[in-house]
Amino acid sequence: MTSGPSAAPSTTPDTAACDVLVVIPSYNERDNLPELIPQILALGRGYCVLVVDDSSPDGTGQIADTLAAASNGRVRVLHREEKEGLGRAYLAGFQQALASDVPLVAQMDADLSHRPQDLRTLVGAMLPGVDLVIGSRYVPGGATEGWPLPRRMISRAGGMYARAVLGLPIHDLTGGFKVWRRDLLATIGLPEIVSDGYGFQIETTYRAVKRGAKVVQVPIVFHDRVAGKSKLSRRVVFEAALRVWQFRFGR
């Protein structure tokens with residue numbers, strides 16, 4: 001399903017002063033955004049935030065607007081009319097990012113599972129010649145905390161499965177904590193991407209590698225969400241399992 005018309009961002013950050021635009025999809029994250037966004041802004045003046053809210057019924061969008069109004073132009077909110085999945089939300093955010101001149105575009109979860117201090121580490125790894133930095137749970141120094149063993153096994157096995165099918169040297173293909181160089185993000189064919197959830201994370205990285213991007217994997221500590229409910233479903237897992245074969249043998 002394609003995305004319908006969306007309202008304009010509620011505020012527009014001074015992108016000329018932003019080195020990193022952090023895209024954060026949100027749906028029912030009212031308890032997490034007030035903690036997450038100030039932590040990101042505290043990393044430095046070069047960090048700006050774009051919240052992409054899919055009309056959260058719990059009022060997340062309104063809370064994001066309040067945070068934006070107090071941010072001196074460093075936070076904006078893209079309100080979308082309906083919930084269409086993580087992949088569609090990221091694509092909408094990436095398109096907004098590419099309309100600006102921000103050199104680096106980061107993506108991270110809204111549920112505090114990705115730590116802002118690790119975001120600084122990822123940005124620091126974006127050295128000259130590097131195109132994409134991936135925060136990885138599965139390289140030395142990385143870890144997952146708070147997940148029960150079955151979920152850790154599903155995540156680990158899913159990443160290994162995708163890696164084997166696609167033949168990629170990436171250890172955490174299902175992870176969604178990344179920093180993109182803008183020039184690379186503009187060339188991976190965002191309008192052609194139809195996958196969601198884990199499949200979206202796998203596909204975007206696969207497209208980057210196929211473009212010849214230099215990818216760096218940085219260890220992170222992934223924490224289970226602090227508040228709210230996980231959006232993980234069996235459909236998301238099965239879609240990713242099937243999609244990798246389409247990526248492998250597709251166009």
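The values are calculated or read from the model by the stated rules, or taken from the named source; none is laboratory data. This one's a predicted model, so the numbers in the text were calculated from it and none came from an experiment. Methodologically, a virtual Cβ is constructed for each residue, glycine included, from the backbone with ideal geometry; neighbour enumeration extends over all protein chains shown. For accessibility, only protein heavy atoms count, side chains too; no ligands or nucleic acids. Shrake-Rupley method; radii C 1.70, N 1.55, O 1.52, S 1.80 Å.
Things worth noting here:
- Test result for Ala162, closer than 27 Å to Gln246 by Cα and in a helix (DSSP H, G or I): yes
- Taking the criterion of being under 16 Å from Thr205 (Cα atoms), outside any helix (DSSP H, G or I) and in contact with a Ser or Thr (Cβ under 6 Å, 6 or more places away or on another chain), the only residue of the stretch 129-159 that qualifies is Arg137.
- When restricted to residues that are in a helix (DSSP H, G or I), open to solvent by less than 50 Å² (accessible area, probe 1.4 Å) and either out of contact with any strand residue (DSSP E or B) (no Cβ under 8 Å at 6 or more places or on another chain) or modelled with pLDDT under 90 (or both), the stretch 208-236 contains 1.
- Unique match (being open to solvent by less than 10 Å² (accessible area, probe 1.4 Å) and more than 26 Å from Asp172 (Cβ to Cβ)) among Ala68, Ala110: Ala68
Here is a yes/no grid of residues against (1) within 20 Å of Ser195 (Cα to Cα); (2) in contact with a Cys (Cβ under 6 Å, 6 or more places away or on another chain); (3) open to solvent by 10 Å² or more (accessible area, probe 1.4 Å):
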{"site": "Asn32", "(1), (2), (3)": "no, no, no"}
{"site": "Glu35", "(1), (2), (3)": "no, no, yes"}
{"site": "Ile40", "(1), (2), (3)": "no, no, no"}
{"site": "Gly44", "(1), (2), (3)": "no, no, yes"}
{"site": "Val75", "(1), (2), (3)": "no, no, no"}
{"site": "Glu81", "(1), (2), (3)": "yes, no, yes"}
{"site": "Glu84", "(1), (2), (3)": "yes, no, yes"}
{"site": "Gln95", "(1), (2), (3)": "yes, no, yes"}
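- Qualifying positions in the stretch 114-135 - surrounded by fewer than 23 Cβ atoms within 10 Å (Cβ to Cβ), touching a strand residue (DSSP E or B) at 6+ places or on another chain (Cβ under 7 Å) and not hydrophobic (A, V, I, L, M, F, W, C): Arg115, Asp118, Thr121, Asp131
- Applying a threshold of 7 Å to beta carbon distances and a minimum spacing of six or more residues, or different chains, the list of pairs starting in the stretch 84-95 at a residue that is in contact (Cβ under 8 Å) with a residue 60 or more places away in the chain and on the phi < 0 side of the Ramachandran plot and ending at one that is among the aromatic types (Phe, Trp, Tyr) and in a helix (DSSP H, G or I) reads Leu86/Phe200; Gly87/Phe200; Tyr90/Phe200.
- Number of residues in the stretch 140-166 that are open to solvent by 60 Å² or more (accessible area, probe 1.4 Å), small (Gly, Ala, Ser) and without any contact (Cβ under 8 Å) to a residue 60 or more places away in the chain equals 1.
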